[in-house]
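The values are calculated or read from the model by the stated rules, or taken from the named source; none is laboratory data. Here the structure is a predicted model, which means the values were calculated and not measured. Neighbour counts are summed over all protein chains in view; Cβ atoms, including those assigned to glycine, are modelled from backbone coordinates with ideal geometry. Remember, those area values only see protein heavy atoms, side chains included, never the ligands or the DNA or RNA. Shrake-Rupley method; radii C 1.70, N 1.55, O 1.52, S 1.80 Å.
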Amino acid sequence: MSEEEKKGGTLSLPEPSEKKPGGSLARRDLLKYSAAGLAGLVTLGKIDDLLAESYPTIGGSYHPDEHWWGFVVDLRKCIGCGACVRACKEENSVPDGFFRTWVERYTFLKDGRVLVDSPDGALEGFEPRADVKPEEVTKSFFVPKLCNHCEQSPCVQVCPVGASYQSPDGLVLIDKTHCIGCGYCVQACPYGCRYLNPVTGTADKCTMCYHRISKGLKTACVEACPHGARHYGDLKDPNSEVRRLLNTSRYGVLKPDLGTHPKCFYIGLDEEVV
Amino acid sequence: MLPVVPSVIGYVFPNELHVTWTVMIVLYPYITGLVAGAFIVSSLYHIFGRESLRPIARFALVSSLAFLLFAPLPLLLHLGRPERAFNILITPSKTSAMAGFGIIYLTYLVIVVIEVWLTLREDMVHLAESRTGFARLFYRTLTLFDTTIDEKTKAFDHKVAKFLAALGIPVACFLHGYVGFLFGSIKANPWWSTPLMFVIFLLSAIVSGIAVLVFLFYFVSWLRKVPIDRACVGTLASFLWGFMIVDVTLELLEVLSIAYQQTREWEPLQFLILHKLFFTYVVVQLLLCSLVPFLFLAFNAIAKPREKLSNVLVFSSAVLLLVQVISMRWNVVIGGQLLSKSFRGYTTYVPGLWNKEGLVVAAVVFIVPFILLRFVDGVISLFPADTPLGAWWARRAAGKTPAVPAPFGT
Ligand code: SF4
Ligand code: SF4
């Protein structure tokens, strides 16, 4: 699908590309082998019970191949309360001063200036701006940000050891046990979504709460949002909520010209938002 | 008056308030630049037959190795999980430009170690023969117990060394050009993302390599009260002049082309240059450390001043150009991180002093290769015996035999 068509508001949706990065394939092989190894172990002990305990699954099993996760933010609904930021911090033990998700406030002034702020990532929401008078403002809105789980993610491309990878279900994840903490991916992400976690010494960012969604639970931020601004879902499922939203609204992605093909879509996106 | 800039201006993505790549990542390309530059100087003699560079060719080669051994140190100090550094060699990702580091580094290391050994072998054999006891064993070990020196072995050593020197040129260019590519290929960052980055890094590497050799050559000659080899520094000075012109031209071209195109990125970059980087880029890198040495070296080349004045001009140009290149590294590495990817704001970086990635550790990391050089010079002469510095070494060694002679200056 061309950019033109997308901008023109056609109803077709981005399909997962056929090409799967080498990393994910290798990883899959690894999974297969480990699964085979585990199967061997299971016959020796009662590990299967243990596994069933620690990995509750959707309807009995979670098959990454069957999903292609995406995220939709309805900018018309966000009220900038910061509940998502707090929920994410709590859920994922995000260290102080770093953010897997944050909320920005855009303030447009009559003189043409556009002011943006995000005090402490909007962890405590927003106070009215002290530096502008209400009568100077033409419009204002909030923009939640998170990892775009780019289909062609530059962060995965640059990781020298393959610790950043794309999972078969379309999420960009980091193998914390393999990352060397070089920070190259932090430089490569055009959206400021990554940071080096000072506690683990490794790269860190939004996982779209993989540990939750793979169990059929909502992401922490989606669950916390009081206004229904955040939605996650399976782009492969024609009946999913994200599909429905994208099929019925005009949307955009951030920095489309960089060719990263983000999978976080914004309904009601303004061109000033980058 | 320099403008006073608040620490954060405009809107910076919250994760970008912390600058990820610190002064260690400034030092890393600086040291690899010295490696590549020093190697190129030795090749100018070994391959391109610049006879006047003979007095410094061997020293250049060993310096290159000394810097090379410590080049990965700043990287290690920077890594969040240094104990996993070998993952780069074990599981390199084929899509990553950085993954090539291990392979390129090791290839170059092997080439330089063998070339250094071959170049110094004859001297080691002679030293082993003229010593007794422990010193003899020490030098014999250095020769790997192969002490035959005749016309045949000499010709063979020379041939292999020449081959390695030739092979080393593209590898050295690659080693350093690749560092430029690491930055130039980051499309997220408009201050880095230019194909010119590869070439600029390479040329600035050569400039810094020549400059450090000029600096050391003068320094050692003055310390040992040995007359300066004018032919040698003359050649070095003209190469320094030539390479710095091309280097600075390309550096300016890069900025001028963005400025002239007036792209969307130009507005934030202009602010970056004129405010956040005004001192380190405009004042230090361009005016003080490019323009001044350019004028000095031009005057030296064209007006042919008296020896004393010429020495002052060349030496101070070398020092200024060493500062030019490190400030260029700073302005690229740190500068690129000061501009937020929101293109709406700027952060500030102040290096720590005593922490793992602080200034004190950085200074130590930078000085260690020089200390290593000093020790190597204590063991074997880094200058040919028929040059003033080589003769000084032989005199010193003769006075102290059979003990291992002390490093220079003592
Ligand atoms: S938003 Fe950044 S961190 Fe997330 S996938 Fe894209 S490039 Fe990677
Ligand atoms: S910090 Fe970790 S995940 Fe990021 S590029 Fe380096 S090794 Fe890869």
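The mean sequence distance of close C-alpha pairs (under 8 Å, at least 6 residues apart), as a share of the length of region B:211-343, puts its relative contact order at 35 percent. The solvent-accessible area of B:Leu109, taken with every protein chain present and a 1.4 Å probe, is close to 40 Å². Rounded to the nearest Hz, the phi-derived 3J(HN,Hα) couplings of region B:290-300 under the Karplus curve 6.51 cos²θ - 1.76 cosθ + 1.60 (θ = phi - 60°) are 10, 5, 4, x, 4, 5, 4, 5, 5, 4, 4, where x marks glycine and proline.
Rolling a 1.4 Å probe across the protein heavy atoms gives region A:154-204 an accessible surface of 21 Å² per residue. Here r is the Cβ-Cβ distance between B:Leu359 and B:His126 and R0 is 56 Å; the resulting FRET efficiency, rounded to 0.05, is 0.80. If the chain linking B:Val110 and B:Arg136 were pulled fully straight, counting 0.36 nm for each residue of separation and taking away their Cα-Cα distance, it would gain 6.7 nm. Proximity of backbone amide H atoms, modeled 1.01 Å from N, is registered between A:Asn197 and A:Thr202, A:Ala203, A:Asp204 at under 5 Å, excluding neighbours fewer than 5 places apart on the same chain. Taking each DSSP H run with n ≥ 4 as -39500 (n - 2.57) and averaging over every residue of the protein assembly as shown yields -16500 deg cm²/dmol at 222 nm. The phi torsions of region B:11-22, fed into the Karplus equation with coefficients 6.51, -1.76 and 1.60 and a -60° offset, translate into couplings of 10, 10, 3, x, 6, 8, 5, 8, 7, 6, 9, 9 Hz, rounded to whole numbers, with Gly and Pro shown as x. Across region B:345-362, rounded Karplus estimates of 3J(HN,Hα) from the backbone phi angles (6.51 cos²θ - 1.76 cosθ + 1.60, θ = phi - 60°) give x, 9, 10, 10, 10, 10, x, x, 9, 9, 6, 3, 10, x, 5, 5, 4, 4 Hz, Gly and Pro being marked x. Please label the shape of region B:147-259 as rounded, prolate or oblate, based on the square roots a ≥ b ≥ c of the eigenvalues of the alpha-carbon gyration tensor (a/c under 1.5 means rounded; beyond that, a/b larger than b/c means prolate, else oblate). Judged from the Cα gyration tensor, region B:147-259 comes out oblate (a/c at least 1.5, b/c at or above a/b). Using C-alpha pairs below 8 Å separated by at least 6 residues, the relative contact order for chain B is 28 percent.
Calculation over all alpha carbon pairs of region A:81-143 in 10 angstrom steps from 0 returns a P(r) of 22, 45, 23, 9, 0 percent.
Near A:Glu104, the amide H atoms lying under 5 Å from its own belong to A:Val143, A:Lys145; only residues 5 or more places off or on other chains count, and H is placed 1.01 Å from N.
When the GluC sites (Glu not before Pro) in region A:182-274 are filtered for DSSP coil states and for at most 10 other beta-carbon atoms within 10 Å of their beta-carbon, the remaining sites are A:Glu271.
Surface composition of region B:211-343: carbon and sulfur atoms hold 74% of the protein heavy-atom accessible area at a 1.4 Å probe.
Per residue of A:185-194, other chain Cβ atoms within 10 Å of the residue Cβ number 6 on average. Ranked by solvent-accessible area (1.4 Å probe, protein heavy atoms only, all chains present), the residues B:Ile371, B:Ile210 order from largest to smallest as B:Ile371, B:Ile210.
Interface residues of region B:59-108, defined as a loss of at least 30 Å² in heavy-atom accessible area between the chain alone and the complex of all protein chains with a 1.4 Å probe, are B:Leu79, B:Gly80, B:Arg81, B:Arg84, B:Asn87, B:Ile88, B:Thr91, B:Ser93, B:Thr95, B:Ser96, B:Met98.
Given N residues in region B:211-343, what is Rg(Cα) / (2.2 N^0.38 Å)? Expressed relative to 2.2 N^0.38 Å, the Cα Rg reads 1.25. Three semi-axes describe the equivalent ellipsoid of the protein assembly as shown; taken as square roots of 5 times the Cα gyration tensor eigenvalues and ordered largest first, they are 55, 32, 20 Å.
Interface residues of region A:105-148, defined as those losing at least 30 Å² of solvent-accessible heavy-atom surface relative to the isolated chain (probe radius 1.4 Å), are listed as A:Val116. Here the accessible area is traced with a 1.4 Å probe on the protein chains. For region A:154-204, carbon and sulfur cover 59 percent of it. Hey, quick one: spin label on B:Phe86, modelled 7 Å out along Cα-Cβ, who in region A:174-198 has an amide N within reach, i.e. under 18 Å? Label zone hits: A:177-181.
How many partner chain Cβ atoms sit within 10 Å of a residue's Cβ in peptide B:333-342, on average, as a whole number? List each step's numbers first, then the result.
Working: counts 1, 0, 0, 1, 2, 0, 0, 2, 8, 8.
Counting Cβ atoms of other protein chains within 10 Å of each residue's Cβ and averaging gives 2.
Between amide H atoms placed 1.01 Å from N, distances below 5 Å from B:Ser342 occur with B:Phe13, all of them 5 or more places distant or on a separate chain.
Taking the square roots of five times each eigenvalue of the Cα gyration tensor of chain B, the equivalent ellipsoid has semi-axes of 40, 25, 19 Å, listed largest first.
Accessible surface calculations at 1.4 Å, restricted to protein heavy atoms, place chain B at 42 Å² per residue. Computed with a 1.4 Å probe over protein heavy atoms only, the accessible area of A:Lys139 comes to about 90 Å². Solvent-accessible area of A:Cys182, all protein chains in place: 20 Å² (probe radius 1.4 Å, heavy atoms, ligands and nucleic acids excluded).
Legend: calculated FRET efficiency, B:Ala391 to B:Phe279, from the Cβ-Cβ distance at R0 = 41 Å, rounded to 0.05, equals 0.35. Taken across both chains, chains A and B shield about 3300 Å² of accessible surface from a 1.4 Å probe.
Kirkwood hydrodynamic radius, region B:96-196, all distinct C-alpha pairs: what's the number in Å? This gives a value of 16.3 Å.
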